[in-house]
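Q: For reference, the structure I am asking about is given below.
The values are calculated or read from the model by the stated rules, or taken from the named source; none is laboratory data. Quick caveat, the model's predicted, so the values are computed rather than measured. Positions of Cβ are backbone-derived with ideal geometry, glycine not excepted, and every protein chain shown enters the neighbour counts. The protein model used for the area step is the full one, side chains on, heavy atoms only, and it has no ligands, DNA or RNA in it. Shrake-Rupley method; radii C 1.70, N 1.55, O 1.52, S 1.80 Å.
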Amino acid sequence: MRLLFLSDTHLGQDLPARPRSSRPRRGADFFESFEAALAPARAGEVDAVLHGGDLLYRSRVPAWLSDAALAPLRRVADSGIPVVLLPGNHERGGVPHPLLALHRNLHVVDRPRTVVLEAGGVKVAFSGFPYARDVRARFRALLGEARAGAAPAHVSLLCLHHCVEGATCGPGSFTFQGGPDVIPRADLPLDVAAVLCGHVHRHQVLRADGLPPVIYSGSTERTSRAEAGETKGVVLIHLDADGLVRHEFRALPDHPLPLPRPFPPAAARAARPL
């Protein structure tokens, strides 16, 4: 099976319906990057697509934005390529306007569950659950619930939208080590070919002896200046009946960040009415 893995598209960010100023907006960049991320699926290069969470930039959005965000995934599903969508923390573990996500080839993991897909004679089980608070204490229970009663498959994947111990982010490469919202590496199941994660916006692969690789696709667009030096992209994953064959990061076209707006002079600030 050839799998396209992307995450953290944050559609709707900096895209107000009624802008209050004429400054340049980056909302269109997020949609352009999303379309570019799905190009391998439209070109027939993959057999399935996994979106690792934070499709949208927030949970309460108008219906037109939910429809615009889901439309590219529905088009991929229409072509016969199944899509697995894992809600993230920005959607608060669900999909706004869920009726717009109803499609026989669009599988929303809005509760702990396993989706089994087959391509090329290889059955792959996508087990996961939407973003959950205090996941450190709840992880094993949520994992058990997700895998309970799952149909047999040749290969198992764990799909998450969380911080895993050892992941890094930010200009100073902050490393997640502990805390209620960090999953310990030792708690990850050993019988999965890989752990595919959203939530951390930097593409990275965490490796440790005896443990499955943890692959973060990273976000498809820069969401802040803290990500200015990061290359954004997607991950192409190849699986056979024995497990993970290889994976490759594919960079997306770059959208330069606009220059920061200068602060007004001190005299001008002091003259502003309170």
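Q: Do you know which residues across the range 76-130 are crowded, with 16+ Cβ neighbours inside 10 Å, over 21 Å from Leu239 (Cβ atoms) and of a type in the set (D, E, K, R)?
A: Glu91, Asp110, listed by residue number.
Q: Condition (residue is on the phi > 0 side of the Ramachandran plot and open to solvent by less than 10 Å² (accessible area, probe 1.4 Å)) applied to the range 10-24: is it met by at least one residue?
A: Checked against the condition, which is being on the phi > 0 side of the Ramachandran plot and open to solvent by less than 10 Å² (accessible area, probe 1.4 Å), the range 10-24 yields at least one hit.
Q: Still on this structure: Go through the residues of the range 138-155 one by one and say whether even a single one is assigned to a helix (DSSP H, G or I), acidic (Asp, Glu) and open to solvent by 20 Å² or more (accessible area, probe 1.4 Å).
A: Looking through the range 138-155, at least one residue is assigned to a helix (DSSP H, G or I), acidic (Asp, Glu) and open to solvent by 20 Å² or more (accessible area, probe 1.4 Å).
Q: List the residue pairs whose Cβ atoms are under 6 Å apart, where the first residue sits in the range 245-256 and is touching a residue at least 12 places away in the same chain (Cβ under 8 Å) and over 16 Å from Phe31 (Cβ atoms), the second is in a strand (DSSP E or B) and of a type in the set (Gly, Ala, Ser), and the two are 6 or more positions apart or on different chains.
A: Once the first residue is touching a residue at least 12 places away in the same chain (Cβ under 8 Å) and over 16 Å from Phe31 (Cβ atoms) and sits in the range 245-256, its partners that are in a strand (DSSP E or B) and of a type in the set (Gly, Ala, Ser) give Phe249/Gly233; Arg250/Gly233; Ala251/Gly233.
Q: Conditions first: (1) buried (at least 22 other Cβ atoms within 10 Å of the Cβ); (2) part of a loop (DSSP other than H, G, I, E, B). Arg60 passes all but one, so which condition is the exception?
A: Failing condition for Arg60: (1).
Q: Which ones in the range 1-41 are of a type in the set (D, E, K, R) and touching a residue at least 12 places away in the same chain (Cβ under 8 Å)?
A: Within the range 1-41, Arg2, Asp8, Asp14, Arg23, Arg26, Asp29, Glu32, Glu35 meet the criteria.
Q: Can I ask one more? Could you tell me which of the residues Arg225, Arg185, Arg202 is over 22 Å from Ala41 (Cα atoms), open to solvent by 10 Å² or more (accessible area, probe 1.4 Å), at pLDDT below 95 and of a type outside the set (S, T, N, Q)?
A: Of Arg225, Arg185, Arg202, the one residue that is over 22 Å from Ala41 (Cα atoms), open to solvent by 10 Å² or more (accessible area, probe 1.4 Å), at pLDDT below 95 and of a type outside the set (S, T, N, Q) is Arg225.
Q: Which residues, taken from the range 26-38, are part of a helix (DSSP H, G or I), open to solvent by less than 40 Å² (accessible area, probe 1.4 Å) and among the aliphatic types (A, V, I, L, M)?
A: Correct list: Ala36, Ala37.
Q: If the requirement is being in contact (Cβ under 8 Å) with a residue 12 or more places away in the chain, closer than 25 Å to Gly12 by Cα and over 16 Å from the mean Cα position of the chain (by Cα), which of these qualifies: Arg140, Arg133, Arg113?
A: Answer to the selection: Arg133.
Q: Of everything in the range 188-199, what is open to solvent by 20 Å² or more (accessible area, probe 1.4 Å) and not aliphatic (A, V, I, L, M)? Give them in sequence order.
A: Result: Asp191, His199.
Q: Please work out which one of (1) at pLDDT 95 or above; (2) within 18 Å of the chain's Cα centre (by Cα); (3) surrounded by fewer than 21 Cβ atoms within 10 Å (Cβ to Cβ); (4) not hydrophobic (A, V, I, L, M, F, W, C) is the condition Gly53 fails and give its number.
A: (3)
Q: Read through the list (1) in a loop (DSSP other than H, G, I, E, B); (2) more than 25 Å from Ala125 (Cα to Cα), then give the number of the only condition that Asn89 fails.
A: Going through (1) in a loop (DSSP other than H, G, I, E, B); (2) more than 25 Å from Ala125 (Cα to Cα) one by one, Asn89 breaks only (2).
Q: Follow-up. Of the residues Ser66, Ser33, Ser59, Ser79, which single one is under 30 Å from Asp242 (Cβ atoms) and among the small types (Gly, Ala, Ser)?
A: Checking each option against the conditions leaves just Ser79.
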